[in-house]
Amino acid sequence: MTTIAVLVGSLRKESFNLALAKGIESLAPEGVNFVYADMDLPLFNQDLEADFPAKAVAIKQVVEQADGVLFVTPEYDRSFSGVIKNAIDWASRPWGQSSFAGKPAAIVGASMGPLGTTQAQSQLRNVLLYLDMKVMGQPEVYFNAITGLDEQGHVVGESREFIKSFAEAFVAHVRSAASAR
């Protein structure tokens, strides 16, 4: 069984990015388990590192127990969400004990337009490379939620085949990294 930690950068109940993550999960190959991290974390504060909050410990464990990490980010003000940054700050701490180091990863994002998460993904990619993650380069997913999701939040139309091919490529990336260890 291949386990994927999923970090969705939107806390909104009807999040396009959560719908995209669920769509990827539904179209992933057999033998893959998606584990969604609780992203409703306290704001990172280095003073709390001595007594790590339980939710911060939990997100570190989700990442550490996973074979790969899927980052699903909206774009806010030309960058990735504070929700994702906060989760990264917790799971990469304390210094020298990053849960991300060496993990294969992919970045996707959904918005109301075809290129709405390009800037967010570009900036997030830089952070993940700094964290020593093995970031998948292709295919890139800049998902248009208006044309790619139905009213129930399911991936529809031509988007289904594209998301399925992404899911297959990502799982292959994760499995390849695991076999290289």
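The values are calculated or read from the model by the stated rules, or taken from the named source; none is laboratory data. Just so it is clear, the model here is predicted, and its values are computed rather than measured. Neighbour counts are summed over all protein chains in view; Cβ atoms, including those assigned to glycine, are modelled from backbone coordinates with ideal geometry. Accessible surface is based on the protein model in full, side chains and every heavy atom, while ligands, DNA and RNA are left aside. Shrake-Rupley method; radii C 1.70, N 1.55, O 1.52, S 1.80 Å.
Averaged over residues, the count of other Cβ atoms within 10 Å places the peptides 66-77, 125-136 in the sequence 66-77, 125-136, highest first. Got a sec? Charge dipole of segment 1-153, +1 on Cβ for Lys and Arg, -1 for Asp and Glu; which of Ser99, Gly31, Ser122 is way out at the positive end? Going by the Cα projections, it comes out as Ser122. Taking 20 Å as the straight-line reach from the Cα of Lys103, the lysines in range (excluding those fewer than 8 positions away in the same chain) are Lys60, Lys85, Lys134. Annotation: aspartates and glutamates with alpha-carbon distance below 16 angstrom to Lys22 (same-chain offsets under eight excluded): Glu14, Glu30, Asp38, Asp150, Glu151, Glu161, Glu168. Dipole size of the chain about its Cα centre, with +1 on Lys/Arg Cβ and -1 on Asp/Glu Cβ: approximately 300 debye, rounded to the nearest 20. Looking at segment 11-160, the accessible area is 51 square angstrom per residue; that uses a 1.4 Å probe and ignores ligands, DNA and RNA. Per atom type, the chain shows carbon and sulfur on 51% of its accessible surface, probed at 1.4 Å.
Just from its helices, what would the mean residue ellipticity at 222 nm be for the chain, if runs of 4 or more DSSP H residues each count -39500 (n - 2.57) and the sum is divided by every residue, rounded to the nearest 500 deg cm²/dmol? Show your work: numbers first, answer last.
Values: 6 runs with 74 residues, N = 181.
For the chain, the value works out to -13000 deg cm²/dmol.
Only one of the listed values, (1) 1.27; (2) 0.97; (3) 3.20, was derived from the coordinates as Cα Rg over 2.2 N^0.38 Å; which label is it? Read-out taken from this structure: (2).
Using DSSP H assignments, which helices in the chain have an axial alpha-carbon span of 24 Å or above and a mean Kyte-Doolittle hydropathy of 0.0 or higher?
Details: long enough: 158-180 (34 Å, 0.10).
Those that clear 24 Å and a mean of 0.0 are 158-180.
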